[in-house]
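Down below is the structure, laid out as C-alpha cells.
Please treat every number below as a calculation from the coordinates, not as lab data. As the structure is a computational prediction, the values presented were derived from the model and not from experiment. Neighbour counts are summed over all protein chains in view; Cβ atoms, including those assigned to glycine, are modelled from backbone coordinates with ideal geometry.
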4 protein chains.
Amino acid sequence: MKIGKSTVPHTAICTSDEHTIVVRGEDLCEALIGKLSFSEYFFLLLTGRRPDATCRTVLDATLVAIAEHGLVPSVQASRMTFAAAPDALQGAVAAGILGCGSVILGASETAGRLFVDVAARMDAGATLDDAARAALGELRAAGAAIPGYGHPLHKARDPRVDRLIAVATEAGADLRHVRIAQAIEDAIPDIVGKPLRMNVSAAIPAVLLGVGFPVGSLRGVPILARTAGLIAHLAEEAETPSGFALSYQATRELQYDGPVPAGFGSAR
Amino acid sequence: MKIGKSTVPHTAICTSDEHTIVVRGEDLCEALIGKLSFSEYFFLLLTGRRPDATCRTVLDATLVAIAEHGLVPSVQASRMTFAAAPDALQGAVAAGILGCGSVILGASETAGRLFVDVAARMDAGATLDDAARAALGELRAAGAAIPGYGHPLHKARDPRVDRLIAVATEAGADLRHVRIAQAIEDAIPDIVGKPLRMNVSAAIPAVLLGVGFPVGSLRGVPILARTAGLIAHLAEEAETPSGFALSYQATRELQYDGPVPAGFGSAR
Amino acid sequence: MKIGKSTVPHTAICTSDEHTIVVRGEDLCEALIGKLSFSEYFFLLLTGRRPDATCRTVLDATLVAIAEHGLVPSVQASRMTFAAAPDALQGAVAAGILGCGSVILGASETAGRLFVDVAARMDAGATLDDAARAALGELRAAGAAIPGYGHPLHKARDPRVDRLIAVATEAGADLRHVRIAQAIEDAIPDIVGKPLRMNVSAAIPAVLLGVGFPVGSLRGVPILARTAGLIAHLAEEAETPSGFALSYQATRELQYDGPVPAGFGSAR
Amino acid sequence: MKIGKSTVPHTAICTSDEHTIVVRGEDLCEALIGKLSFSEYFFLLLTGRRPDATCRTVLDATLVAIAEHGLVPSVQASRMTFAAAPDALQGAVAAGILGCGSVILGASETAGRLFVDVAARMDAGATLDDAARAALGELRAAGAAIPGYGHPLHKARDPRVDRLIAVATEAGADLRHVRIAQAIEDAIPDIVGKPLRMNVSAAIPAVLLGVGFPVGSLRGVPILARTAGLIAHLAEEAETPSGFALSYQATRELQYDGPVPAGFGSAR
C-alpha cells in the first residue's frame, strides 16, 4: 500500500559495496575508525560535517552532563524490565529510552526551540530582554510550561548549568544562546510570578546551539547519553539485582481506592 | 508484591544531594564534565574505572565501526516507526534498538563469550589451536551457529575487521583475544566444512576484551553505537522522509499464499 | 528524587491478598474468569463498568475491524525486529506498537476529539452542519490535517466504515457521533476543497463514543487490536520468515544522494 | 543487503484490494466484523481456524485471568514511562510489554513446552507419572527453574489455577495437559525437594493446549492480555498520576554502595 508521495527511498548517510563502507562521503575504515572519537562521529553522522575542537568539547560535555543522574524513573523502568526479561538487554534499554519524553528529557529540545525563537526576534530587531519577555509571555498565554527551568532537587541551581557554560566559554563557543537562556531566567520572576532557575535541559541547548548542533536533533543528545547510563545500570542489575526490590518498595504505601467484594481481606 | 530475595535496592553508580552529583565516586561537575569524552565516560559508568589511552582508542574505534551500515533492517524499522509516529523520537529509536538481538548485533556478545571460553581452555593448558577447535566442535555439536563469522555482503573480508585489529595493535592493546579470533577463523573450514571469515561482530569483542571491557556488557557496544546512527537516520527522516517509501517497496513483490473468498479481485 | 506533587501512589483498578484478586471491585476468579469475554473485561478494566450487549457488540466490531490490514509499516517493523531478535517476542510486539502514532493509528483518538468538539458546539446551540463546518474551519485555519478522512488504498470508501456503522445501528447504539462524522464528511469538499471519505479511524470513534467508550482511551483500541495482529504475524514469521526479505526488497531501488570517496565502486 | 535465503516476502494472513480486505480467506467486512468477538478473531488470525465454543470459552478465560494483577513491575515501568512521556501512549504500552519476558510472563510458553515434552514421552509409551518425573529430572539436571510453579504472593495456591481448570472442564476441553500439569506438581516435592504449587503461568498452557492453541504462540496470550491491562492503567495514570510517586517511593530506602568525594554531603 502506498502511503504518502514518495515511492523510492533516499539517503545521504551511508552506502557500501563489498569492499568499502562510505559514511557521509568518507571511507569508514580508512578515514574514520581509529581517527574520530564516538562523539565526533555522532556529529558527523548527524550533520555531514566533522566537528571542530570547540564543538567536540561542548558536545562531549553535554553528553557527559546528562548521561546519568541515579535511579530516575526511566532507569527504574529499565531495571524492572531487565529483571523480568533478562535475556533481552535491548528490550530493557528500549524501555528506558521510551521515558525520554516531553516531560523529562525532551525539554532539551523544546528549550532549544524557545531560544531559537528568541534569537529570531532579535534578528528582527528586538532587544535581548524584550525578545525574551515576548517569547515567555506567549508561552504563558498558551498555558505552556517554561521548558528547561526549575528542578525538583537542585532548587538553588542545578550544578551542571554553570559547568556547561564554563566549558563552552573556555572552549570558545558562540555564547549567544547562553545569553538568551540567562535573559529568560532573569525575566521569569516578572512573567511567571516566581523564580525558576535554569536547569540542565536549558543549558544543553544553550551551549549546543552555539557550536552548530541542529535544533531538530537536540532530543537526540539526552537519548544517546542516557543509553550509555542505561547500559551501565543494566550491567549492575545483572550483577546485583535491584529491579524487583524497586518495584516492591514502590508499592509499600500504595493506596487502593476502589471497592472490594464482601468478605475481602477477612481471615479464612 | 515481593518478587525475589532482596527488598532494598542498591546501587554504586550515582548519588547526589542538592549541590553535588557523584558518579562512580567523582564529582560530576568538577571532575568529569569537560574533562572526559563521552566514550571515556561510558567506560567509567560501566566499570567504575577511567579508561587509559589504549582503552579509549579501541573503544572509540569499535563504536565508530558499528554505529552505521546503511538502511539495515533495524534502521528501516526505526524510520517506518518515525514516519507513523513522528511526535515520539524516543519511540522510533527504541524500535530500532529492539532489533539489536541475537541474530544481528547480539553476536558481539556471543562471540566474546566464545573467545573467553577458548582463553579459559588455554589457561587450563590447551594450545591455542586445540582450544579453538574444541570450542568450535562443541558449538557445532550443539547445532549452534558460529557467532561473528560470515557476512552477507562482505564475503571476502569485512573491511572493518582488519582496521579494528590494526587500531588495537597500534594502540598497544593486549592482542590475546585477537589471536583467538583468528585461530577460530583458521579452524572453521575443517570443523564447519566451509570457510567463514571473521566479521565485525567478532572483531569488536576480540579487541575490546584486550582493553578490559567487561564481557557481560559487550552487547552494549552495538546498542550504544547504533543509537547514534538511529538518531542521524531519524534526523534525515524528518527532513527527507523514506519510511513509507521503504514500506511500499518492501511489499511490491509480496506473495499472498492464503485463500480468498469467491469473487475477490474481479472488477466491480 | 521527588518529581511532581504526589508522593503516594493510588489505584482503583486491582488489589489482592493471598486468596483473592479483586478487579474493579469484583472477585476475579469467582465473578470474571469464565464469565466475561476478553473484550468485555477490557471495557471493565478501563471504565469500572460492565458493558451492556450493545457496547460489547460495537467494541468487538471495532477491535476486529482494526486488528489487521496486511503488511503495513508497523507489521513490517515488527517482523524485521523479530528476524533480528527472535528470542524476544515481546520486543518485536513492542516495535510494532510503537508505530501506533499520530500519523497512522492515532487518528482514532484525534478524530474522536473532533467529534466531541462538534457535539459540544451542538450542546451550546449550533446546528449539526454549522458545528461541523466551524470545527473543520478551525482545524484548517490551524493548518492541521482532518483526522480520520481519506485513505491511500480505499479511495472510494473504506469498506470497514459502512460495516461498523451498520453493526452499531443494528446493535442499537447511540448514533449521534456517527451523524457528526457524516456531517464532517459532507462538509469537507467545501472547507478543504476536495472530497475525503471517512476512513476506519473516524468510524471507530464515531461508533464507540455512542456506547460510552471514553474518548481519552480511543488510541487504546487500535493498540490492543494491533497487538493481536502482530502476534499472528510473528507466529507466521517464526514459521515462514519474511522479515529480512522485506528489508531486502525495501532497498532494491534505494537512491544514495551523498558523496563518495574517489575510486568507490570501481573494480579492485 | 541480502540477509538469509529468501528474497521475496510471503504471507497467508491478509490481502486486500480497493474494495475488499481478506483475512484468513474470509471477507473482513462481510464475514467477520460484527460476527466474531475479538478473542475469536485473535484465534482466527493466529491459526487460520475459527475457534469452537469450547476453545472460545477457554481462551477468553485465560486472557481474563492474566490481564491484570495490580501494580506489578511491568505496570510500574509503563506508568513511569507515561508520566515522563505522556504524549506517546504507544511508548508507555510498549515499555510495559517489554517486561513480558522469560522471568515473569514468558513462563506460560516454557511451561507449555514442558507439557508438550511430557505428552511426547507418553506418546512414546511412558506413564504419566514417569514422563513427568523424567522431564522434571532433566530440567533439574540442567539447572533450570520449573516454569509455572511457585508464586511470591499466592503460596497455598494461586486462585486462578483452579478456576481455569474448572472453566476448561465445564467447557468440555481436552484435559490431557491439565493432568500433565498436575502430575508435575505432584512430582515436584520428590524431584525438587520442596513443594511448588502450580501458578497461573502453568494453568494457562495446561488449558489452552487442550483447545488447539499453538504452543509456539503461548507467550502471545499474556502479551495480548497485559496490553489491555496496561491501557487501563495508563487511562488511570492520565487522570490520577502515580508514576512519579511510584518512582519516589521506590528509592526511599535506596542504598548507595559506592565511594563519594571528600566533603560530599556536608553542609555548605
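I'd like the distance separating the alpha-carbon centroids of the stretch B:4-55 and the stretch D:171-190, in whole Å.
So the separation of the two Cα centres works out to 51 Å.
Placing a label point 7 Å from Cα toward Cβ, how far apart in nm is B:ALA126 from its equivalents in the other copies, listed shortest first to one decimal?
Distances to the matching label points in the other copies: 3.2, 7.1, 7.7 nm.
Could you check which residue among B:GLU253, B:GLU138, B:GLU109 shows the biggest mean-square fluctuation in a GNM of chain B with a 10 Å Cα cutoff?
Maximum fluctuation in the GNM of chain B, among the listed residues, is at B:GLU253.
Rounded, prolate or oblate, given the Cα gyration tensor of the stretch D:52-253, with a/c below 1.5 counting as rounded?
prolate
Which of A:ALA225, A:ALA107, A:ALA202 ends up with the largest GNM mean-square fluctuation for chain A, with Cα atoms connected below 10 Å?
A:ALA225
Across the residues of B:50-59, average count of Cβ atoms on other protein chains within 10 Å?
So the per-residue partner count for this stretch is 1.
Which distances, shortest first and in nm, link B:GLY48 to the matching position in the other copies, using label points set 7 Å out along Cα to C-beta?
Copy-to-copy label distances for B:GLY48: 4.7, 4.9, 5.6 nm.
Per-residue Cβ counts within 10 Å, from other chains only, averaged over D:193-205: what number is that?
Taking the mean over all residues of the peptide, I get 0.
Quick one: label points 7 angstrom along Cα→Cβ at D:SER6, distances to the other copies in nm, smallest first?
Those separations, rounded to one decimal, come out as 2.8, 4.3, 4.6 nm.
For the ranges A:184-194, C:39-49, what's the packing order if you count other beta-carbon atoms within 10 Å of each residue, average per peptide, and put the highest first?
Highest to lowest by the protection proxy: C:39-49, A:184-194.
Let me know the shape class of the stretch A:194-268, please: from the alpha-carbon gyration tensor, a ≥ b ≥ c as square roots of the eigenvalues, rounded when a/c is under 1.5, otherwise prolate if a/b is greater than b/c, or oblate.
Verdict is prolate for the stretch A:194-268.
When ranked by the protection proxy of mean other Cβ atoms within 10 Å per residue, highest first, what sequence do the peptides B:9-19, C:206-216 form?
In decreasing order of mean packing, B:9-19, C:206-216 become C:206-216, B:9-19.
Quick one: which residues, 5+ away or cross-chain, put their amide H under 5 Å from the amide H of B:GLN255? H built at 1.01 Å from N.
Long-range HN contacts for B:GLN255: D:HIS10, D:THR11.
Report the residue, chosen from D:ALA145, D:ALA31, D:ALA95, that carries the largest GNM mean-square fluctuation when chain D is represented by alpha-carbon nodes joined by springs under 10 Å.
D:ALA31
Convert each backbone phi in the stretch D:63-76 into a coupling constant with the Karplus relation 6.51 cos²θ - 1.76 cosθ + 1.60 (shift: θ = phi - 60°), then list the ³J(HN,Hα) values in order as whole Hz, x for Gly and Pro.
5, 5, 5, 9, 5, 8, 8, x, 7, 5, x, 5, 5, 4
Search the structure for amide H atoms under 5 Å from the amide H of C:CYS14, placed 1.01 Å from N in the peptide plane, and list their residues when 5 or more places away or on another chain.
Long-range HN contacts for C:CYS14: C:ARG24.
So what are the ³J(HN,Hα) numbers for the stretch C:213-221, from phi and the Karplus equation (6.51, -1.76, 1.60; θ = phi - 60°), rounded to whole Hz, Gly and Pro as x?
6, x, 4, x, 10, 4, 5, x, 5
Can you list which of the trypsin sites (Lys or Arg not before Pro) found in the stretch A:4-40 are DSSP loop residues with at most 11 other C-beta atoms within 10 Å?
A:LYS5
Explain nothing, just the number: relative contact order of chain A, from Cα pairs under 8 Å at least 6 residues apart, as a whole percent.
Relative contact order for chain A comes out at 25 percent.
Is the protein assembly as shown best put as rounded, prolate or oblate by its Cα gyration tensor, with a ≥ b ≥ c the root eigenvalues, rounded for a/c under 1.5, and otherwise prolate when a/b is larger than b/c, oblate when not?
Rounded shape, in that the Cα axes give a/c under 1.5.
Tell me the mean residue ellipticity at 222 nm calculated for chain A from its helices only (DSSP H runs of n ≥ 4, each -39500 (n - 2.57), averaged over every residue, nearest 500).
That comes out to -17000 deg cm²/dmol.
Could you please state, rounded to a whole Å, how far the C-alpha centre of the stretch C:57-124 is from the C-alpha centre of the stretch B:57-126?
So the separation of the two Cα centres works out to 28 Å.
Check which residues have an amide H placed less than 5 Å from D:TYR149's amide H, if you skip close sequence neighbours.
So D:TYR149 has HN proximity to D:ASN199.
Across the stretch C:32-47, in residue order, what do the Karplus-derived ³J(HN,Hα) couplings come to in whole Hz, using 6.51 cos²θ - 1.76 cosθ + 1.60 with θ = phi - 60° and x for Gly and Pro?
10, 5, x, 10, 10, 6, 4, 6, 4, 5, 4, 5, 4, 4, 6, 10
Quantify how much of the Cα-Cα distance distribution of the stretch C:1-115 extends past 18 Å, in percent.
More than 18 Å apart: 69 percent of the Cα pairs in the stretch C:1-115.
In peptide C:158-168, what is the residue-averaged number of other protein chain Cβ atoms found within 10 Å of each Cβ?
Neighbouring Cβ atoms belonging to other protein chains average 3 per residue here.
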